[in-house]
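Participant: Dropping a structure here in structure tokens format, bear with me for questions.
The values are calculated or read from the model by the stated rules, or taken from the named source; none is laboratory data. If you're wondering where the values come from, they're calculated on a predicted model, not measured in any experiment. With ideal geometry, Cβ positions are generated from the backbone for all residues, glycine too; neighbour counts draw on all protein chains shown.
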Amino acid sequence: MTQAETEARDRLAQAARALSRLDMIGLSGHVSLRVPDSPLILITPGGGLDKGRLTGADMVAIDTDGQRVSGPYPPPWETPIHTVIHAARPELAAIAHLHAHWSTVWSVVDRPLEIVLNYATTLHGPVPRYDDLRWITERPLAEALSAALGSAMAVLMRGHGNTVVGNTLEEMFNNALVLEDNARVLWEANALGTPMIIPHAQIDPLVAIIEGNKAPFRPLRYYANLETPTDQQEHHSAPHTQR
């Protein structure tokens, strides 16, 4: 096993534990990460393991067809989500399929999930939808999901949750976090009145500010620090160098 794969395993397990802490992943859900300079993809295992206690050694290495190459556990049932989207968008480092509560609420109503939070503008506009209710266990279904996602950073899956992506693991985690925050606030705002949607013309300038401050790289570091003694915590917000 290369050093790059060892580090990627630890980083992916760390992200899975953080998503578990946020109650976005548990009995269901899975996350994948490309191994730098390798055709291998790492994915969190299936089988109902406690995602809050996963380690790097628990990660499953799969090939581009989703076949297990190494790891003590089988890959998840819906592995085609990852293999197909990674193939369609080679710039992506990480993909997550999550059963997050608030975005799932929006997946079952016939209303667009508009952007209302300034820090959620990294999603770049209304979140696209995928309406097939079936589990994504076969390549044709994964291809349909990938088509619905298109070039977006997230897609709602009707009655099923969401799929979020990122050019880095940190970006994927941030997208998952802001998607859920935005879905919750938009639902709550509707209880009070008409939400003020962020105009499309303001999206790119706000994203430029966010990316200029490297804000998308902070949330995963914050949740990783919750596992670490204060004197050992990392304080920088720069992106990880590996993709």
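Participant: Going residue by residue through the stretch 143-152, is there one that turns out to be out of contact with any Gly (no Cβ under 6 Å at 6 or more places or on another chain), closer than 25 Å to Val35 by Cα, in a helix (DSSP H, G or I) and among the charged types (D, E, K, R)?
Facilitator: Checking the stretch 143-152: at least one residue is out of contact with any Gly (no Cβ under 6 Å at 6 or more places or on another chain), closer than 25 Å to Val35 by Cα, in a helix (DSSP H, G or I) and among the charged types (D, E, K, R).
Participant: Can I ask one more? Taking only the stretch 113-134 into account, find how many residues are over 23 Å from Leu177 (Cα atoms) and in contact with a helix residue (DSSP H, G or I) (Cβ under 9 Å, 6 or more places away or on another chain).
Facilitator: Initially, the stretch 113-134 is screened for residues over 23 Å from Leu177 (Cα atoms), giving 132-134.
Restricting the remaining residues to those that are in contact with a helix residue (DSSP H, G or I) (Cβ under 9 Å, 6 or more places away or on another chain) gives 132, 134.
Going through the stretch 113-134 one residue at a time, the tally reaches 2.
Participant: Being exposed (fewer than 10 other Cβ atoms within 10 Å of the Cβ) and either under 12 Å from His124 (Cβ atoms) or of a type outside the set (A, V, I, L, M, F, W, C) (or both) is the filter here; which residues of the stretch 186-204 pass it? Full working, then the answer.
Facilitator: Initially, the stretch 186-204 is screened for residues exposed (fewer than 10 other Cβ atoms within 10 Å of the Cβ), giving 191-194, 196, 199, 201.
Correct list: Gly193, Thr194, Pro199.
Participant: Only one residue in Arg53, Arg21 is in contact (Cβ under 8 Å) with a residue 12 or more places away in the chain, in contact with a Leu (Cβ under 9 Å, 6 or more places away or on another chain) and not hydroxyl-bearing (Ser, Thr, Tyr). Which one?
Facilitator: Details: Arg53 fails: in contact with a Leu (Cβ under 9 Å, 6 or more places away or on another chain).
Answer to the selection: Arg21.
Participant: Based on what the data block shows, is Ala96 surrounded by fewer than 21 Cβ atoms within 10 Å (Cβ to Cβ), among the small types (Gly, Ala, Ser), in contact (Cβ under 8 Å) with a residue 24 or more places away in the chain and part of a strand (DSSP E or B)?
Facilitator: Values: surrounded by fewer than 21 Cβ atoms within 10 Å (Cβ to Cβ): no; among the small types (Gly, Ala, Ser): yes; in contact (Cβ under 8 Å) with a residue 24 or more places away in the chain: yes; part of a strand (DSSP E or B): yes.
Considered against the rule, which asks whether it is surrounded by fewer than 21 Cβ atoms within 10 Å (Cβ to Cβ), among the small types (Gly, Ala, Ser), in contact (Cβ under 8 Å) with a residue 24 or more places away in the chain and part of a strand (DSSP E or B), Ala96 comes out as no.
Participant: For the stretch 48-61, how many residues meet the condition of being small (Gly, Ala, Ser) and within 14 Å of Ile25 (Cβ to Cβ)?
Facilitator: Of the stretch 48-61, the ones small (Gly, Ala, Ser) are 48, 52, 56-57, 61.
Narrowing the set further to residues that are within 14 Å of Ile25 (Cβ to Cβ) leaves 48, 52.
So the count comes out to 2.
Participant: So, one more: Go through Pro72, Pro90, Pro76 for me and flag whichever is in a loop (DSSP other than H, G, I, E, B) and either surrounded by 14 or more Cβ atoms within 10 Å (Cβ to Cβ) or among the basic types (Lys, Arg) (or both).
Facilitator: Values: Pro72 fails: either surrounded by 14 or more Cβ atoms within 10 Å (Cβ to Cβ) or among the basic types (Lys, Arg) (or both); Pro90 fails: either surrounded by 14 or more Cβ atoms within 10 Å (Cβ to Cβ) or among the basic types (Lys, Arg) (or both).
None of the others qualify; the one that does is Pro76.
Participant: Looking at Thr121, is it among the β-branched types (Val, Ile, Thr), modelled with pLDDT of 95 or more and either buried (at least 23 other Cβ atoms within 10 Å of the Cβ) or over 22 Å from Leu33 (Cβ atoms) (or both)? Even if it seems obvious, please write down each step before you answer.
Facilitator: Values: among the β-branched types (Val, Ile, Thr): yes; modelled with pLDDT of 95 or more: yes; either buried (at least 23 other Cβ atoms within 10 Å of the Cβ) or over 22 Å from Leu33 (Cβ atoms) (or both): yes.
For Thr121, the condition - among the β-branched types (Val, Ile, Thr), modelled with pLDDT of 95 or more and either buried (at least 23 other Cβ atoms within 10 Å of the Cβ) or over 22 Å from Leu33 (Cβ atoms) (or both) - is met.
Participant: Hey, another quick one. Give just the number: which of (1) surrounded by fewer than 12 Cβ atoms within 10 Å (Cβ to Cβ); (2) farther than 24 Å from His30 by Cα; (3) modelled with pLDDT of 95 or more does Gly159 not satisfy?
Facilitator: Condition not satisfied by Gly159: (2).
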